[in-house]
Every structure is written in C-alpha cells, then in structure tokens.
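First comes the structure, then the notes that go with it.
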Amino acid sequence: MSVRRKGPRATMVRVATYVMLVAVAVIVAFPFIVALSTSTKNSQDIFSYPPTLVPQEAATAAAEDFGLEGDPVPIYDFDGTSYALAENNIGIAEYTPLDSLDDPDALIRQEAGLAVETDQVVVIDGDEETVYLVTVDGDEVEAWRSRITSGGLFVSADGDERVELINLAEPVKQFGPRLENFTEVIEDKALGRALTNTVLVTILVVVGQLLTSILGGYAFARIRFVGRDKLFLLYLGSVMVPFVVLIIPLFQIMLQAGWLDSLAALIIPFTFTVYGTFLMRQFFVGIPLEIEEAALIDGASRWRILWKVMVPLARPAIATLATFGFLYAWNSFFWPLVIINSGNTDSRVLSLALAMLGGRSSTDINLVFAGAIIAMAPPILVFLFAQRYFVENSASSGLK
C-alpha cells in the first residue's frame, strides 16, 4: 500500500517533476514544430530575418484605397504609416550634402532626374564629382551624387508619395500559411508515384507479415511435431544475423528471380518476419488451452479455431505487429536504395523520392519539408491509433 506524501516539499517535488517533463516534451516536439511551420511557409518567408515559427505572408490591400488601379498592391510601413507600392524599378539617385559629407544619416534619396546639375565640382576621395542642387522640403541643398540605383514609388492613402529602395522598405506581414506546398508536392509526378508505391508496398508487407506470423506463431505454439522447439530456436536465432550481412545474398536472389528494380523485391522478402512469428507464438501460448479444447469438442477444425477463436483474442498482438510492420515498410530506405535504380521513377518509394527532392529543390526548402510532413504523418497517426493495443499487448503477453 503506497502512501501519498503531502506538504510543501512534496508539492515542490511534483512541480519540479512536471516542469522537467514539460521542458523535455518541448525539446522533443520542437523539431516537428519547426518542420510543420516551414512546410507551410512561402519561399520569401523562409529566408526572412529574424526567423519566426508562425508562417507569414506579405499583406496586400485594394488598389483603390491608395488611388491606384489594378490588382491588390503590397503594403509597406514607413515610420508608422502604411504605403502601397505603386511602381517598381524606377531610377533612384542618392545624394550626399556637401555640408554633411561625414554624416551617413544625411543621405538624400529621390527619383533620378529631379536634381539640377551645376557647373561646380567637388573632390571626393581624389575624384572630381559634379555638384547637384537637390530640393529638400522646399530648400535647395548642394550635394554630390553617390550612386544611381533602382527602387520603388510608394503612395499612402492620403496621396503622399515617396521613393525608397525596395530592400530597405519594411513590408507589412500577416498570418498566411501556404497550404499549396502540399498540393505541389503531391502533384509532382515522381513524388506522387512514389507515394502510391509506398502505400502499396506498405499494405502488402503488413498483410503478408500478419498472415505468415499468425500461421507460424500458431504452428509453433499449438501444433506438436518432431523437432518443433529446436526448429523454433533455430528460426529465432536468425534474428542475431545483421541485415547488412544478408544484403549481398539477398541481392543475388532478387537478381536470379528477375525482381531487380521492381516492387516485388521490396515486398516478398519482408513478408516473413522472425519477430512477428515470435510475438504471435508468445501470445498464443498465453491463451488458455481449455478454450481451444472446448472448440475441438464442438467439432471445430484447426483452421476454424485459428481464425474464429485465436485471432480475435490476439488483437493486441496483431495491432502491435501491424504497427511495427507499417513503420518498417513505410520508412525503409537502405534496401530500396540498393535494389531500385535511381533513374527508375516508376518503382521509387517515398524515402528515395524525398532524398531526390532534397537535392533537386535545395532552394525550395518549404517543398522539401512539406514532403517530409507527408511522409511523417501516416506513421504518427498509425502509432497514435494503435497505442492502446500496443500497451495492452506489452502488459498481457510474453513480450517484456
């Protein structure tokens, strides 16, 4: 019998425990949050500084609100006032007043051609520069032209105009997830076919593993034959053989069977699983023998007992095996990389397609992360839905 401690010290221990658990949960979940956020951003928002977790897009407004015509225009903020970009790629000249040559804040920007050129010159860093008369707030200021570049003409709702460099303007941002990233990734021919192949391979592998594991587990658990236990130990001992040792002989078998560079090489070899057979055998052994004997007395055959009695009772073990089989088949990368030619897009699976997408779309990071989210979502959902069966199986079967 446990006694729950009370008092300030026990409360502090519980609070500290919860804080630590929350901190660990945030650290673990943070990469997934970043991936989900990046997958819903546009290309400009990805490279914006400082970076943000919330996807944003440039705010726009109706052109009529700023006395303009046409499509909605982007909004920029200057000193707390909103301006619309009316015209882009217009010539901008930068002037430095002669009486403020050492003051970088005295720089004057205005549309090229508005200043008046004079006959005077000034020596700047050993070069002679022409002096211009620049009008600022109604006053003419003598200045030299430091450079000519391109910028934009901005208009406020009150009709005020100003010329600024686009890269110095501060665009107004608003919440704007770009869900079209997922559509673009799925509609990609190579990735869309890879997603279909992955779903097909995963379903067939899981169904094959369930079928062979149930039959093998029941045979080793209930059917008596000569050498059963020794054969089971030999079969179980094959788990200790690393997969890298089997790659070359398995590749040779696929080559002889004519399954090289085909989906059959991703399905057939993995429909047999030692772990699944062991898991189902342990669960069947734990089922009381009296239940099976009662079915035999009622005239049921072995086959009917298996599918009508044993399998319904083994649902937690079956759900656990299906979950592990799904995760393995869906996330498999090394074997498809070996057996599927890199140029064969018809037999490519999702893990290979994502690797190709990462190299091909290195600048479109949002599309790469959108593909990664598509690849991560099914395993996460499957595990969440099967978690109850997994816990039930771990508590009630021979799996420790």
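Between helix 365-396 and the chain there is an angle of about 30 degrees, using the helix long axis and the longest principal axis of the Cα atoms. In terms of overall dimensions, the stretch 96-247 has a Cα radius of gyration and Dmax of 38.6, 113 angstrom.
Between the residues Pro336, Ala63, Leu101, the greatest Cα displacement towards the positive end of the dipole of the chain, with unit charges on the Cβ of Lys, Arg, Asp and Glu, is found for Pro336. Evaluated over the Cα positions of the stretch 111-155, the convex hull gives a direction-averaged projected area, one quarter of its surface, of 4.0 nm². Mean separation of Cα pairs under 8 Å and 6 or more residues apart, divided by the residue count, gives the chain a relative contact order of 18 percent.
Cα centroid separation, the stretch 93-110 to the stretch 153-181: 25 Å.
Lys and Arg at +1, Asp and Glu at -1: add these up for the other residues within a Cβ distance under 9 Å of Ala353 and post the number. Around Ala353, the surrounding residues sum to +1. Averaged per residue, the chain has 60 square angstrom of accessible surface, using a 1.4 angstrom probe with ligands and nucleic acids left out. Dipole size of the chain about its Cα centre, with +1 on Lys/Arg Cβ and -1 on Asp/Glu Cβ: approximately 6360 debye, rounded to the nearest 20. Spacing of the modelled spin labels on Leu53 and Asp102, each 7 Å from Cα toward Cβ, amounts to 4.8 nm. Averaging Cα coordinates gives a centre for the stretch 207-247 and one for the stretch 6-64; these two points are 46 Å apart. Classified by the C-alpha gyration tensor, the stretch 1-126 has a prolate form. Its axis ratio a/c, with a ≥ b ≥ c, is 1.5 or above, and a/b is larger than b/c.
As I understand it, the value is the acute angle between the Cα axis of helix 274-286 and the longest principal axis of the Cα atoms of the chain; what does it come to in degrees, rounded to 10? For 274-286 against the chain, the angle is about 50 degrees. Can you give the relative contact order of the stretch 1-143 as a percent, counting alpha carbon pairs under 8 Å and 6+ residues apart? Result for the stretch 1-143 is 10 percent.
Heavy-atom surface analysis with a 1.4 Å probe gives the stretch 1-90 a carbon and sulfur content of 63 percent of its accessible area. Per-peptide packing, taken as the mean over residues of other Cβ atoms within 10 Å, places 229-237, 82-90 in the sequence 82-90, 229-237 from highest down.
With the convex hull of the Cα atoms taken as the outline of the stretch 218-292, the averaged projected area works out to 6.6 nm². Using a probe radius of 1.4 angstrom, the carbon and sulfur fraction of the accessible surface of the stretch 237-385 is 70%. Legend: translational diffusion of the stretch 70-116 by Stokes-Einstein, Rh = Kirkwood radius over C-alpha pairs, 37 °C, 0.692 mPa s; D = 248 µm²/s.
Where only DSSP H runs of four or more residues are counted, the chain gives -16000 deg cm²/dmol as its mean residue ellipticity at 222 nm, each run worth -39500 (n - 2.57). Charge dipole of the stretch 1-156 (Cα centre as origin; +1 on each Lys and Arg Cβ, -1 on each Asp and Glu Cβ, all else neutral): 3000 debye, rounded to the nearest 20.
Put simply, the stretch 1-66 fits an ellipsoid with semi-axes of 46, 15, 9 Å; these come from the alpha carbon gyration tensor as the roots of five times its eigenvalues, largest first. Applying the criteria of a DSSP loop state and at most 13 other Cβ atoms within 10 Å to the trypsin sites (Lys or Arg not before Pro) of the stretch 1-110 yields Arg4, Arg5, Lys6.
Springs join every pair of Cα atoms under 10 Å in this Gaussian network model of the chain, and among Val205, Val19, Val34 the largest mean-square fluctuation is at Val19. Quick one: pull the percentage of alpha-carbon pairs in the chain with a separation above 31 Å. The share of Cα pairs beyond 31 Å in the chain comes to 64 percent.
The values are calculated or read from the model by the stated rules, or taken from the named source; none is laboratory data. Note that this is a predicted model, so its numbers are computed, not measured. Reconstructed Cβ throughout: ideal geometry from the backbone, glycine too, with neighbour counts over all protein chains shown. Heavy atoms of the whole protein, side chains included, go into the accessibility calculation; ligands, DNA and RNA do not. Shrake-Rupley method; radii C 1.70, N 1.55, O 1.52, S 1.80 Å.
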